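Coordinate-derived values only; no laboratory data. From a predicted model like this one, the values you see are computed outputs, not experimental measurements. Cβ: placed from backbone, ideal geometry, glycine included. Neighbour counts: every protein chain shown.
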Amino acid sequence: MTNSPMVSAVEIHKSFGSNEVLKGINLEVNKGEVLCLIGPSGSGKSTFLRCINHLEKIDSGRLSVDGAIIGYREHNGKLYELKPSEAAKQRSGIGMVFQRFNLFPHMTALDNVTSGMIRVQSIDKDTATKEGMALLDRVGLSEKANHYPAHLSGGQQQRVAIARALAMKPKLMLFDEPTSALDPELVGEVLDVMKGLAQSGMTMLVVTHEMGFAKEVADSVIFMDNGVVVESGKPSDVLNNPQHERTKSFLSKVI
Amino acid sequence: MLLSPSRLMAQPAKTSIKAVPLRHPFRWAAALYFVVLAAAFLLDAFHRSAYDWKSFRKYIFEARVFKAAGVTLSLTIISMFLAILLGIVLAVMRRSPNPVFRNVSWVFIWIFRGTPVYVQLVFWGLLSTIYHSFFIGIPDIHFGHFYLGVHFPISQTASLYWLAIIGLSLNEAAYMAEIVRAGLLSVDTGQEEAAESLGMSWWTTMRFIVIPQAMRIIIPPTGNEIISMLKTTSLVTAVPLVTDLYARTRNISDEIYNPIPLLMVACTWYLFFTTILMFVQYFVEKRFARGHSPLSGVQS
């Protein structure tokens, strides 16, 4: 299945009560591709990302990652809901980085990174520590290994969060507005880490308002509004030469 | 702005502020008033015959009192230990995705928090009157004399000490469950999402992510509950258990026809224990504040 897409979404619908947030999303992300999701707040891009990691359950449609349907198991054309342990296993292959970092405040940076290796993959502490240090080094924070999150800057916290997600050796990384909660001067260091990750061939889905990053790093860009994909294509096309009125007016406000 | 060297030179040297500090005459007056009041009370008490200080000195470290203080302390520690464990179980059950667990926990809390602990202790004392034995297994199925299970007779002399512990801990567990629940609710949902996205199971998330963070919220009221439990043990006379500090001192006071010095003895011991507990609480709170206080920024 090497040629199958990493993420495949067909007619995804999702409502919160009577509020339909996703109104039929169709998209594919190929292996090694970097896809940026842009659009106004409330357009459903974060919800879609959370659906991929099964933090939200979709109402209808078909969502699969690396050929496996998210949240279900297919057998003889019938879907069976996954057991919590199976769902957890599925999730561990998908890394997620949150807008508000969500680091574990009672653990040091290193313990944050090794927590998944030790508690989920049952890797012994010495090996996990060694790998954790290597990951912290990769995001440029090895000297902060023993610091608690409260004593790191927002940019440093987000870099630790990226290292924590990478520790699970994910095949797909999801970024939910990773720089929106950061002071402007700290955005660059996080984007640099993400850039390096993209260059290493990681498949990435990034919800972002950083148009510069989208232009430079993304293979394709999707503009979402009001629960639908309005426009998609190469960043140079979507960002420099948008076809739809809605995309044009959005871009004129953010750039 | 760039400062030229000459302007840097011109900057005045740093001097500390010299000023007359604000005076607080009322604080001094209030302190004096209460010191005089306390001194007057103590001087008076020292000579007042009803306190019977001679008896106080005689009984404060008397073997029976000493032993009773031990009983009170062990009742407190064992009951509280069981109550905390059961409280955590009940609180986690309240949050379980399983609706059966949620409802069982709710009913337990409803009953044990909704009735007075004194009445519950009387009930536990009457356990052997209500139930003659208790049985683990499948009732009503037997092959001749072979039952699918085991019978435990509840003797008339069932240990009053352990009945008191059961009564105290089940009642306290209902309160602890609510304290733990408040602690669990205080943890940001983003923490669970982050743990889940790493692939942690619900229980691993609870055990390693949510509960440790909830502890910071749970510990101060729990310290309060332990101190409260220490004093609630004086109600075990309802079971009736009469070996604890309060029952024993009352018992002794019948010998000397004066309850007052023995009440002072009991109060002194209760205060001694609560003082120790307050110290312990201070250090435990510091331990669980990791990552939250400026002093704990770097792991040593």
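Summary table
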{"item": "Some residue of region B:126-137 being part of a helix (DSSP H, G or I), more than 14 Å from chain A (Cβ to nearest Cβ), under 20 Å from B:GLU225 (Cα atoms) and out of contact with any Pro (no Cβ under 8 Å at 6 or more places or on another chain)", "result": "no"}
{"item": "Of all residues in region B:183-222 being part of a helix (DSSP H, G or I), surrounded by 18 or more Cβ atoms within 10 Å (Cβ to Cβ) and of a type in the set (Gly, Ala, Ser), the one that is farthest from the other protein chains (Cβ to nearest Cβ)", "result": "B:GLY183"}
{"item": "Complete set of residues in region A:44-60 that are under 13 Å from A:HIS13 (Cα atoms) and among the small types (Gly, Ala, Ser)", "result": "A:GLY44, A:SER60"}
{"item": "Exclusive hit being touching a residue at least 40 places away in the same chain (Cβ under 8 Å) and more than 28 Å from B:ILE165 (Cβ to Cβ), set B:ASP44, B:ASP52", "result": "B:ASP52"}
{"item": "Residues of region A:1-32 that turn out to be touching a Gly at 6+ places or on another chain (Cβ under 7 Å) and of a type in the set (S, T, N, Q), as a count", "result": "1"}
{"item": "Answer from B:THR222, B:THR237, B:THR205 - the residue that is among the polar types (S, T, N, Q) and touching a residue at least 24 places away in the same chain (Cβ under 8 Å)", "result": "B:THR222"}
{"item": "Matching residues in region B:217-240 - criterion: being out of contact with any Asp or Glu (no Cβ under 8 Å at 6 or more places or on another chain) and more than 30 Å from B:GLY125 (Cα to Cα)", "result": "B:ILE217, B:ILE218"}
{"item": "Pairs, first free of Cβ contacts under 8 Å to residues at least 24 places away in the same chain in region A:81-93, second of a type in the set (Ser, Thr, Tyr), C-beta under 8 Å, six or more apart", "result": "A:GLU81/A:TYR72; A:LEU82/A:TYR72; A:PRO84/B:SER201; A:SER85/B:SER201"}
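For every residue, the table says whether it meets (1) within 13 Å of chain B (Cβ to nearest Cβ); (2) in contact (Cβ under 8 Å) with a residue 60 or more places away in the chain; (3) among the β-branched types (Val, Ile, Thr).
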| residue | (1), (2), (3) |
| --- | --- |
| A:PHE101 | yes, yes, no |
| A:PHE104 | yes, no, no |
| A:GLN121 | yes, no, no |
| A:ASP124 | no, no, no |
| A:GLY140 | no, no, no |
| A:ASN146 | yes, no, no |
